[in-house]
Amino acid sequence: MKFSDLALQRYSCRKYLPIPIKEENLEYILECGRIAPSAANLQPWVVILLTEKEGLEKIARAYPRDWFRQAPAVLVICGDHRASWKRADGKDHCDVDIAITTDHMTLAAAELGIGSCWICNFDRETCASVLKLPASIEPIVILSLGYPADSAEPNPNHLKRKKIEEILYREKF
Ligand SMILES: Cc1cc2nc3c(=O)[nH]c(=O)nc-3n(C[C@H](O)[C@H](O)[C@H](O)COP(=O)(O)O)c2cc1C
């Protein structure tokens with residue numbers, strides 16, 4: 001599939017069928033995240049996969065939404081700030097790296113017909129506490145995954161993007 005078609009096919013899916021994701025599909029998605037590039041190739045990520053009822057119920061406390069509770073699989077994509085690359089001026093590139101691996105996984109899921117939704121508006125303390133994360137491991141993205149329900153469809157935001165003329169400056173700002 002053409003990259004632009006795949007990128008358009010992915011949308012934030014918030015309605016899932018109540019069926020588990022095939023293990024081979026989960027492995028493919030995780031593998032596509034594993035091979036993502038990262039600053040200085042430091043790969044400062046840790047991914048927690050939740051597919052069992054107990055873990056899914058616990059993580060829903062960090063993002064209490066009915067639609068999120070429907071997801072049969074959830075990835076908590078964390079950054080290890082001890083491992084991430086810092087530029088000479090101190091800028092920590094952990095978030096950048098986490099965004100890249102997450103994006104790889106959302107696109108891999110879309111390729112398989114699996115819906116996903118980025119979630120950053122979660123309660124960090126609750127997330128860290130239910131997963132018993134050490135202080136150095138920051139939960140940065142929660143990614144819900146599931147086969148889209150028949151009624152699932154993209155939100156109008158999906159096609160609402162700035163025009164190229166609004167974001168591109170050639171040669172000078
Ligand atoms: C970094 C990031 C954080 C997001 N956090 C949330 C979130 O907490 N809850 C949610 O429902 N959607 C969240 N989204 C989904 C965005 O709302 C969505 O990507 C945007 O509206 C464009 O729609 P689309 O993904 O269907 O193209 C997030 C997306 C990104 C990239």
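Rule-based calculations on the coordinates, nothing more; no lab input. A quick note: this is a predicted structure, and the numbers were derived from the prediction, not measured. Counting neighbours? That spans all protein chains shown, and the Cβs are built from the backbone with ideal geometry, glycine included.
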Looking only at segment 1-35, how many residues end up being within 16 Å of the ligand (Cβ to nearest atom) and part of a helix (DSSP H, G or I)?
8
Please identify the pairs in which a residue from segment 117-132 that is within 6 Å of the ligand (Cβ to nearest atom) has its Cβ atom under 7 Å from the Cβ atom of a residue that is assigned to a loop (DSSP other than H, G, I, E, B), counting only partners at least 6 apart or on another chain.
Cys117/Cys13; Cys117/Arg14; Ile119/Tyr63
Against the conditions (1) without any contact (Cβ under 8 Å) to a residue 40 or more places away in the chain; (2) part of a helix (DSSP H, G or I); (3) under 16 Å from Arg14 (Cβ atoms); (4) not hydroxyl-bearing (Ser, Thr, Tyr), where does Glu165 fall short? Just the number, please.
(3)
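Mind counting the residues in segment 146-162 that are closer than 30 Å to Glu52 by Cβ and either part of a loop (DSSP other than H, G, I, E, B) or not small (Gly, Ala, Ser) (or both)?
So the count comes out to 9.
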Would you pick out the residues in segment 11-69 that are of a type in the set (A, V, I, L, M, F, W, C) and free of Cβ contacts under 8 Å to residues at least 24 places away in the same chain?
Leu56, Ala60
Can you confirm whether Arg34 is basic (Lys, Arg) and within 16 Å of Ile142 (Cβ to Cβ)?
no
Do we have any residue at all in segment 39-50 that's under 21 Å from Glu125 (Cβ atoms), touching a strand residue (DSSP E or B) at 6+ places or on another chain (Cβ under 6 Å) and either among the acidic types (Asp, Glu) or part of a helix (DSSP H, G or I) (or both)?
no
From the set of residues in segment 139-155 that are in contact with a Ser or Thr (Cβ under 9 Å, 6 or more places away or on another chain) and among the β-branched types (Val, Ile, Thr), which is surrounded by the most Cβ atoms within 10 Å (Cβ to Cβ)?
Val141
Kindly check whether there is at least one residue in segment 40-50 that is out of contact with any helix residue (DSSP H, G or I) (no Cβ under 7 Å at 6 or more places or on another chain), surrounded by 19 or more Cβ atoms within 10 Å (Cβ to Cβ) and not β-branched (Val, Ile, Thr).
no
Which of the residues that make up segment 138-153 are of a type outside the set (S, T, N, Q) and in contact with a helix residue (DSSP H, G or I) (Cβ under 8 Å, 6 or more places away or on another chain)?
Glu138, Pro139, Ile140, Val141, Ile142, Leu143, Leu145
Criterion: in a helix (DSSP H, G or I), of a type in the set (Gly, Ala, Ser) and either away from the ligand (no atom under 14 Å from the Cβ) or touching a helix residue (DSSP H, G or I) at 6+ places or on another chain (Cβ under 6 Å) (or both) - qualifying residue of Ala108, Ala62, Ala83:
Ala108
